[in-house]
Amino acid sequence: MRLIDDNLIEKESLKIKVWIDFVCPYCLLGKKVLEEAASGLNVDIEMMPFELRAYPTPTLRPEDDYLPSAWKHGVYPAAEQLGIPIKLPSISPQPYTRDAFIVLQYAKEQGVGNEYADAMLRAFFQQDRDVGDLVVIKEVAASAGLQIEPIEESLKSPINSQRHDKELEYASRIGIRAVPSMAIGNTLYSGMLDAQKLRGIILSNMPVE
């Protein structure tokens with residue numbers, strides 16, 4: 001954990017920023033743990049982008065040794081313990097996520113950023129869908145309550161692209177190196193935390209009324 005700038009706490013609710021990538025299975029698992037830990041509390045959770053492998057960096061392939069081994073020894077045991085269905089996607093190579101993240105900007109603007117992020121993670125890790133494909137992105141966005149027509153416009157929007165790049169720059173500036181990572185209060189936590197421990201951290205950072 002590392003201290004970061006202290007402007008993340010709001011008086012009305014506790015602001016929690018969560019950095020994810022749609023091709024990271026621990027982001028699906030960690031999101032569910034956070035939701036359980038924050039249940040019933042006055043928190044404002046915002047999904048933030050972090051591209052693990054931005055274009056043109058090659059993305060991972062499920063037929064290579066790394067992914068099956070990482071899933072066998074890490075992802076599947078963690079998912080089983082949490083009771084979350086998940087499977088190694090067959091898409092090869094894994095998709096780039098910039099387009100999906102640019103639509104996240106539109107989703108956050110419409111007030112359904114969390115729903116969109118959840119649907120996108122489930123599409124990849126539970127439905128084996130290519131979240132880099134525009135048709136899939138549109139369908140996932142629609143399932144989260146977004147209108148399909150503005151999605152192509154949002155992808156072409158220099159404003160959304162600039163917002164995305166600005167958020168990536170912010171992640172780099174505060175030292176995000178892996179996902180999931182969370183900023184709770186003025187402290188940054190990386191990796192998955194136990195739900196009970198995470199709830200304690202949240203409670204200790206709740207604004208005093």
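The values are calculated or read from the model by the stated rules, or taken from the named source; none is laboratory data. Predicted model, so just to flag it, every value in this text is computed and none were measured. All Cβ positions, even for glycine, are placed from backbone atoms using ideal geometry, and neighbour counts span all protein chains on display.
Please determine, by comparing only the residues of the stretch 43-80 that are under 30 Å from GLU109 (Cα atoms) and among the polar types (S, T, N, Q), which one is surrounded by the fewest Cβ atoms within 10 Å (Cβ to Cβ).
Checked the stretch 43-80; the qualifying residue surrounded by the fewest Cβ atoms within 10 Å (Cβ to Cβ) is THR57.
Hey, among the residues in the stretch 115-145 that are under 17 Å from HIS164 (Cβ atoms) and out of contact with any helix residue (DSSP H, G or I) (no Cβ under 6 Å at 6 or more places or on another chain), which one's surrounded by the most Cβ atoms within 10 Å (Cβ to Cβ)?
ALA117
For a quick check of your reading of the model, give me the residue pairs whose first member lies in the stretch 136-154 and is within 16 Å of ARG98 (Cβ to Cβ) and of a type in the set (Lys, Arg), whose second is at pLDDT 90 or above and assigned to a loop (DSSP other than H, G, I, E, B), with beta-carbon atoms closer than 9 Å and at least 6 apart or on different chains.
LYS138/LEU146
Please name all residue pairs, on different chains or six or more residues apart, with Cβ atoms under 7 Å, provided the first residue is in the stretch 81-101 and is acidic (Asp, Glu) and the second residue is surrounded by 15 or more Cβ atoms within 10 Å (Cβ to Cβ).
ASP99/GLY132; ASP99/ILE137; ASP99/LEU155
It is to be established whether one or more residues within the stretch 165-177 are in contact with a strand residue (DSSP E or B) (Cβ under 9 Å, 6 or more places away or on another chain), surrounded by fewer than 19 Cβ atoms within 10 Å (Cβ to Cβ), without any contact (Cβ under 8 Å) to a residue 60 or more places away in the chain and under 20 Å from LEU29 (Cβ atoms).
Checked against the condition, which is being in contact with a strand residue (DSSP E or B) (Cβ under 9 Å, 6 or more places away or on another chain), surrounded by fewer than 19 Cβ atoms within 10 Å (Cβ to Cβ), without any contact (Cβ under 8 Å) to a residue 60 or more places away in the chain and under 20 Å from LEU29 (Cβ atoms), the stretch 165-177 yields at least one hit.
Within the stretch 155-177, work out how many residues are hydrophobic (A, V, I, L, M, F, W, C), assigned to a loop (DSSP other than H, G, I, E, B) and at pLDDT below 95. Show your work before the answer.
Restricting attention to the stretch 155-177, the residues satisfying the condition of being hydrophobic (A, V, I, L, M, F, W, C) are 155, 159, 168, 171, 174, 176.
From what's left, assigned to a loop (DSSP other than H, G, I, E, B): 176.
Now restrict to residues that are at pLDDT below 95: none.
Matching residues across the stretch 155-177 total 0.
Would you point out which residue out of GLY83, GLY30, GLY40 is surrounded by fewer than 12 Cβ atoms within 10 Å (Cβ to Cβ) and closer than 22 Å to ASN205 by Cβ?
Going through GLY83, GLY30, GLY40 in turn, just one is surrounded by fewer than 12 Cβ atoms within 10 Å (Cβ to Cβ) and closer than 22 Å to ASN205 by Cβ: GLY40.
May I ask you to verify whether LEU198 is surrounded by fewer than 17 Cβ atoms within 10 Å (Cβ to Cβ), closer than 22 Å to SER13 by Cα, of a type in the set (A, V, I, L, M, F, W, C) and modelled with pLDDT of 95 or more?
no
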